[in-house]
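Comments concern the structure below.
Nothing in this text is a laboratory measurement; each read-out follows from the coordinates by a stated rule. Keep in mind that what you see is a predicted model, and the values were worked out from it rather than measured. Cβ sites come from the backbone with ideal geometry, for glycine too, and all protein chains shown count toward neighbours.
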Amino acid sequence: MLVRWHSPIRSFQSAGPTTTTTSPLPLARCSPPATAKQPAAAVARRPVASPGLVVAGPPAAHSSMAAKWAQKTVVIPAQRRGCHLITPKILREIEGDLSGFKCGLAHLFLQHTSASLTINENYDSDVQADTETFLNRIVPEGRSAPWKHTLEGPDDMPAHIKSSMFGCALTIPITDGHLNMGTWQGIWLCEHRDNASSRKIVITLNGV
């Protein structure tokens, strides 16, 4: 069982700018200093952990480092089969809330089993084409392929295998209101079906 205290999850639509009366902490400090002490009342309320129980105490009410959350489902229109750079689309959807985080994590979860997410080259589109060629060579289709699951066509089972290879989730650090990726890194949606529909990605931001 997991017990945690945190600020309520808020939707992107209702999210507003965060204000504080204290001076902002240096960017590198993602947690209170080791010398910081909690009020006696807060310590008294902290549950005692038992085997198998993970306990995270509530942040002090006056702390400017209290965690915050935001979540949104982004719909990516239907794409042709292949790898597609979606970083600009993702940033347009979350930039309003992303700017409110000094330090944290962005988690992207794709709600499908025949597409995948990965981080790769954001400049040369040949990398996307070569990746698709590679996937098609190692996961064959057609009558010679040994797959039993072909209810939706010859690309059905290969799409599931490719999805498992790259995975359906990404976690990216947030630094000073931006996704802290490398210069040449971009977010890819890899579409593994010939006649795909739109795809949904649940994006969760948390941090301070």
Practice prompt. Treating cross-link reach as a plain straight distance, find the lysines whose alpha-carbon is under 28 Å from the alpha-carbon of LYS89, omitting any fewer than eight places away in the same chain.
Written response: LYS68, LYS72, LYS102, LYS162, LYS200
Discussion item. From the mean inverse distance of alpha carbon pairs (Kirkwood) and the Cα radius of gyration, derive Rg over Rh for the stretch 65-207.
Written reply: 1.03
Worksheet item: Does a label point 7 Å from the Cα of ASP194, set along Cα-to-beta-carbon, have any residues of the stretch 72-88 with amide nitrogen under 14 Å, and which are they?
Response: 81-82
Worksheet item: Once you put a point 7 Å from the Cα of PHE109 and another 7 Å from the Cα of ARG80, both along the Cβ direction, what distance in nm separates them?
Response: 3.3
Practice prompt. Please report ARG143, ARG80 as a ranked list, fewest other C-beta atoms within 10 angstrom at the top and most at the bottom.
Written response: ARG143, ARG80
Worksheet item: On full extension of the chain, what length is gained from HIS149 through THR73, given 0.36 nm per residue of separation minus the C-alpha to C-alpha distance?
Response: 24.4 nm
Item to complete: Net charge near VAL74: determine it from the other residues with C-beta under 13 Å of the C-beta of VAL74, scoring Lys and Arg +1 and Asp and Glu -1.
Response: +2
Worksheet entry | ³J(HN,Hα) computed for each position of the stretch 93-102 - Karplus, 6.51 cos²θ - 1.76 cosθ + 1.60, integer Hz, glycine/proline x | 6, 10, 4, x, 7, 4, 5, x, 10, 8
Worksheet entry | DSSP-assigned coil residues among chymotrypsin sites (Phe, Trp or Tyr not before Pro) in the stretch 135-208, each with at most 13 further Cβ atoms within 10 Å | TRP184
Discussion item. Expected output is a single nm value to one decimal: the length gained when fully extending between ASN180 and ASP130, i.e. 0.36 nm times separation in residues minus the C-alpha distance. What is it?
Written reply: 15.4 nm
Discussion item. Spelling out what I want: for every residue of the stretch 123-135, take phi, set θ = phi - 60°, compute 6.51 cos²θ - 1.76 cosθ + 1.60 (Karplus), and round to whole Hz; glycine and proline get x.
Written reply: 10, 8, 5, 4, 5, 5, 5, 5, 5, 4, 4, 4, 4
